[in-house]
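The values are calculated or read from the model by the stated rules, or taken from the named source; none is laboratory data. Note that the structure is predicted; figures quoted are calculated from it, not measured. Cβ placement follows ideal geometry from the backbone for every residue including glycine, while neighbour counts extend to all protein chains displayed. Keep in mind that these areas ignore ligands, DNA and RNA; they rest on the heavy atoms of the full protein, side chains included. Shrake-Rupley method; radii C 1.70, N 1.55, O 1.52, S 1.80 Å.
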Amino acid sequence: RYQAQEPDGSAADVRAKGTWEQGTWRVEFFRKLSTGHADDAVFDLSKPLSFSVGTFDHSEHALHFVSKKLTLAFGK
């Protein structure tokens with residue numbers, strides 16, 4: 001129903017790869033620490049960052065999922 005397309009501009013800053021196994025999704029996200037776009041946070045390796053993940057299915061309805069608050073912390 002929907003054609004896959006490559007995002008551009010700031011929407012293309014994050015790449016992800018996911019796998020579904022035994023009823024659980026595992027998703028790995030990839031992004032530069034500083035994208036150069038004003039609408040993106042600059043990651044500081046010394047500070048944790050709160051975030052959440054939202055998913056939707058392009059159905060144009062309010063049916064979507066937003067995760068609880070998660071924390072991204074960089075290891076040494």
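In the set (1) 42, 33, 22; (2) 29, 21, 18; (3) 31, 25, 19, the label that goes with Cα extents along the principal axes in Å computed for this structure is (1). In loop segments of the stretch 1-74 as defined by DSSP, the GluC sites (Glu not before Pro) with at most 14 further C-beta atoms inside 10 Å of their C-beta are Glu60.
Placing unit charges on the Cβ atoms only, positive for Lys and Arg and negative for Asp and Glu, gives the chain a dipole magnitude near 400 debye about its Cα centre.
Taken as Cα centroids, the stretch 62-76 and the stretch 1-24 sit 16 Å apart, rounded to the nearest whole angstrom. Relative contact order for the chain: 20 percent, from Cα pairs under 8 Å spaced at least 6 residues apart, divided by residue count.
Grab the beta carbon distance between Trp25 and Lys47, set R0 = 30 Å, and tell me the FRET efficiency rounded to 0.05. Calculated transfer efficiency: 0.65. Of the residues Val42, Val27, the one with the largest accessible area comes first in the ranking Val42, Val27, computed with a 1.4 Å probe on protein heavy atoms.
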